[in-house]
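Structure, as structure tokens:
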Amino acid sequence: ASPSGPMGVTQDALRANLLPFLDRAWGLLPRMQRPRVLDIGCGTGVPTLRLAELTDGDIVALDIDEKALEVLRARVDRRGLSHRIAVCRASLIGLPFEDQGFDLVWCEGACSYWASARAYGRGGVCCAPAAAWSPTTRPET
């Protein structure tokens, strides 16, 4: 139920390979009590669900791909996380949120399309890896 990527490898498999980097980045962030997190470009929610494991805060998972969001909604429901994860179909352009409404903006895979401090407040953090590939996860071309 995951879109295919390069060489037939699913996007979920590629994103799952990046979870150790998510964990490492999370460990470098300042500690936050119940942060409000915006996950931009969440896709089917591989990073979203890991973020839910790492924090007790609320998460808004945002993407424009309705099919991917349907997969994420099912995963959220199966894990009983609908009280903490809100799934939102919206574009990065003209985000439907108040300015400075988030403590953390996670932008994995969509950062080439968006970069703005508008979404997070004073003292907030934006984590946007510069590339979706690392030397150990990049498929050979």
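For the range 83-95, backbone phi angles converted through the Karplus equation (6.51, -1.76, 1.60; θ = phi - 60°) give residue-by-residue couplings of 7, 10, 10, 9, 9, 10, 8, 6, 8, 5, 7, x, 3 Hz, Gly and Pro being listed as x.
Summing +1 for each Lys or Arg and -1 for each Asp or Glu, what net charge is found among the other residues whose Cβ lies under 12 Å from the Cβ of residue 91? Charge balance near residue 91 sits at -1. For the pair residue 16 and residue 65, label points projected 7 Å from Cα toward Cβ lie 1.6 nm apart.
Here the 3J(HN,Hα) profile of the range 51-65, calculated from phi with Karplus coefficients 6.51, -1.76 and 1.60 at θ = phi - 60°, is 4, 5, 6, 8, 10, 9, x, 8, 10, 9, 9, 10, 7, 9, 8 Hz, Gly and Pro shown as x.
Between amide H atoms placed 1.01 Å from N, distances below 5 Å from residue 10 occur with 5, all of them 5 or more places distant or on a separate chain.
Where a number appears in this text, it was derived from the coordinates with a stated rule and is not lab data. Source: prediction; values computed, not measured. Cβ coordinates were reconstructed from backbone atoms using ideal geometry, including for glycine residues, and neighbour counts include every protein chain displayed.
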